[in-house]
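Colleague: I'd like to ask some things about the structure below.
The values are calculated or read from the model by the stated rules, or taken from the named source; none is laboratory data. Just so we're clear, the structure is a prediction, and the values are computed from it rather than from any experiment. When we count neighbours, we look across all protein chains shown, and the Cβ atoms used for this are built from the backbone with ideal geometry, even at glycine. These area figures cover heavy atoms from the full protein model, side chains too; ligands, DNA and RNA do not enter into them. Shrake-Rupley method; radii C 1.70, N 1.55, O 1.52, S 1.80 Å.
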Amino acid sequence: MTTTADVLIVGSGAAGLTAALNLAETRKVAVIAKGALGDSASARAQGGIAAVLEEGDSFEAHVNDTMIAGAGLNDIKVVEHVVEAAPRAIEHLIELGVPFASENGALHLTREGGHSHRRIVHVADATGWAISRALEGAAARHPNITLLPDMVAVDLITGHHATHFSTSGAVHGLYAWSRKKKRVETLTARATILATGGAGRAYLYSTAPRGATGDGIAMAWRAGCRISNMEFMQFHPTCLYNLEVKNFLITEAVRGEGGQLKLPPGVKGAGTRFMSKFDERAELAPRDIVARAIDHEIKRLGLDYVHLDISHRDPEFVKTHFPTIYEKLLALSIDITAEPIPVVPAQHYTCGGVVVDLDGRTDAAGLYAAGEVTQSGLHGANRLASNSLLECLVFGEAAAKHIAANWDALPEVPSIRAWDESRVTDSDEEVVITQTWGEIRRMMWNYVGIVRTTKRLERAKHRVDMLRQEVKDYYAHFRVTPDLIELRNLVEVADLIIRSALSRHESRGLHYTLDYPDLLPQAADTVLVP
């Protein structure tokens, strides 16, 4: 079964749908989603989008804040390009009908950690959901866009899969497992855009959606693309601590609007704030600093969590600005207008990924990427709050424009072999997948977490080498399933993270190691080459 489109987009979040809408005026576009169309990291984004829109703010200030958060590892040209494109991106979303919050006839801007000004446009505390809804609606209405949910990407199609074998390295689409048809289908295209998100589910605790298993990163690596800066895993400081609800994020904006981090009852100093001991910006310090501070206090005092308290603000203000959080926690018997929220850090964002240029081009001809799957140079060693959706919008558009402008130069699609499962059988040992998945996530959390050591990283590398071989053997003998596909990608990205972390002999941004606590004088990316 072969499905052909001009352009194939893998992922239905903000980056993928932005690219689709920009291409659809001239090209036939197919957008595949691993699950339901709305089940993306974009849809879960609470805070908003950073853009210079307020008098007194400036592009220079936004660039500087981004560079400071990124510990000097950002590409200044990329940062300037994205920051300057932000106001136009907001205008496009308003034209699509995104109902951004306003006040006195102007957009309401909030402030988040690491920002020197109020510059976060938002839709209360459900910005990502509102943006995703608008983009999905526009895509569904467009006659040149075909939306294909429940398609699990297996691998990119290269010259190795052609009827006449080629070593050109170009990408011609991908193989994907259809949940509906229970088989692998062949999807070909002149251009392919990876918008698959990050690799958060490599960790035991993560705010990422269930499908964030590093699929695009792993597929691009297997297709010969460079991967960069995978050691920079952002841990969000404030994830709800609840034994039943394991990945509900408490947005950065709660701290931006005055939320205070305090020690919980039962310990010396209960009820007191502690962030000023770690940074003069206190709760408004960048995420890596706040996450390490919370991790330090939890380990020092043997705590399960700390408190985030915004109950000193007017109750109506809290309900108006954070309605989603208020309702969600009220259902869990926590009234945030009257009591603090128990919080812990959790993996939140993958700052590294597939190396791309300003046009979203990867190392493989015909293959582009946008959003969290990439290492574009924007985030450096730590992403500044609310720059993620912005990156999706800017690079989704950039990839689309480059494809449209260079269509004739894109590689022609050769005759492609269909997926062959005649050599494999069904497995009666799927418990192996569950066991290995759990082992990887616990290992990554314990050995490759917020604070690292060389010894822990070496232990993790030894274990992941064994697990990679086990998964490789399993994959070679049994028919693919969604869980096996994800496990194969998960063990690949875990290895990339560990290798990157071992190669960085300093502490910079999100990579903090007790063995190398200082900065090296020169900032340099970690680049892995297949």
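Colleague: What net charge is computed for the residues neighbouring Ala218, neighbours being all others with C-beta under 10 Å from the C-beta of Ala218, Lys and Arg scored +1, Asp and Glu -1? Show your work: numbers first, answer last.
Modeller: Numbers: positive: Arg222, Arg488; negative: Asp155, Asp215, Glu486, Glu492, Asp495.
So the environment of Ala218 carries a net charge of -3.
Colleague: Would you compute, from DSSP H runs of 4+ residues alone, the mean residue ellipticity of the chain at 222 nm, taking -39500 (n - 2.57) per run and dividing by the full residue count, rounded to the nearest 500?
Modeller: The helix contribution divided over the chain gives -11000 deg cm²/dmol.
Colleague: Suppose R0 equals 35 Å; then what is the FRET efficiency for Val245 and Ala404 from their Cβ-Cβ distance, rounded to the nearest 0.05?
Modeller: For R0 = 35 Å, the calculated efficiency reads 0.20.
Colleague: DSSP loop trypsin sites (Lys or Arg not before Pro) in the range 220-293 with at most 10 other Cβ atoms within 10 Å of their Cβ, which ones?
Modeller: Taking the range 220-293 and a limit of 10 other Cβ atoms within 10 Å, the loop trypsin sites (Lys or Arg not before Pro) found are Lys268.
Colleague: With a ≥ b ≥ c taken as the square roots of the eigenvalues of the C-alpha gyration tensor of the range 246-339, please select rounded if a/c is under 1.5 and otherwise prolate if a/b is larger than b/c or oblate if it is not?
Modeller: Prolate, because a/c is 1.5 or more and a/b exceeds b/c.
Colleague: Roughly how many debye, to the nearest 20, is the charge dipole of the chain about its Cα centre, given +1 on each Lys and Arg Cβ, -1 on each Asp and Glu Cβ, and no other charges?
Modeller: The calculation lands at about 1040 debye.
Colleague: Counting only C-alpha contacts under 8 Å and six or more residues apart, can you give the relative contact order of the chain as a whole percent?
Modeller: It comes to 22 percent, rounded to a whole number.
Colleague: Right, here's the next one. For the range 300-402, restrict the atom set to alpha-carbon positions and state the Rg and Dmax in Å.
Modeller: 19.6, 56
Colleague: Using 30 Å as the Cα-Cα cut-off, could you pick out the over-long pairs in Lys181/Lys328; Lys180/Lys472; Lys299/Lys319? Let's see the in-between values first.
Modeller: Details: Lys181/Lys328 36 Å; Lys180/Lys472 26 Å; Lys299/Lys319 33 Å.
Checking Cα-Cα distances, Lys181/Lys328; Lys299/Lys319 exceed 30 Å.
Colleague: Here's another thing I want to ask about it. For the range 74-112, list residues with backbone N below 12 Å from a point placed 7 Å from the Cα of Arg118 toward its Cβ?
Modeller: Flagged as within label range: 102-112.
Colleague: When only the heavy atoms of the protein chains count and the probe is 1.4 Å, how do Leu332, Leu378 rank by accessible area, highest first?
Modeller: Numbers: Leu332 50, Leu378 0 Å².
The most accessible residue leads, giving Leu332, Leu378.
Colleague: In square angstrom, rounded to the nearest 10, how much accessible surface does Arg179 have for a 1.4 Å probe?
Modeller: Estimated to the nearest 10 Å², Arg179 gives 80 Å².
Colleague: Determine the order of His142, His236 by accessible area, beginning with the largest, at a probe radius of 1.4 Å.
Modeller: Correct descending sequence by accessible area is His142, His236.
Colleague: Going by alpha carbons, how many degrees (0 to 90, nearest 10) lie between the helix axis of 454-477 and the longest principal axis of the chain?
Modeller: In the chain, helix 454-477 runs at an angle near 30 degrees to the longest axis.
Colleague: Okay, moving on. Compute the helix-to-body angle for 76-96: its Cα long axis versus the longest principal axis of the chain, expressed 0 to 90° and rounded to tens.
Modeller: 90 degrees
Colleague: Work through the residues other than Ala253 whose Cβ is under 9 Å from its Cβ and net out their charges, Lys, Arg +1 and Asp, Glu -1.
Modeller: Within the 9 Å Cβ shell, the charges total -2.
Colleague: Using the Cα gyration tensor of the range 26-87, with a ≥ b ≥ c the square roots of its eigenvalues, what is the shape: rounded (a/c below 1.5), prolate (a/b larger than b/c) or oblate (neither)? Please report the intermediate quantities before stating the final value.
Modeller: On the way: a/c = 2.08, a/b = 1.96, b/c = 1.06.
Because a/c hits 1.5 or more and a/b exceeds b/c, the range 26-87 counts as prolate.
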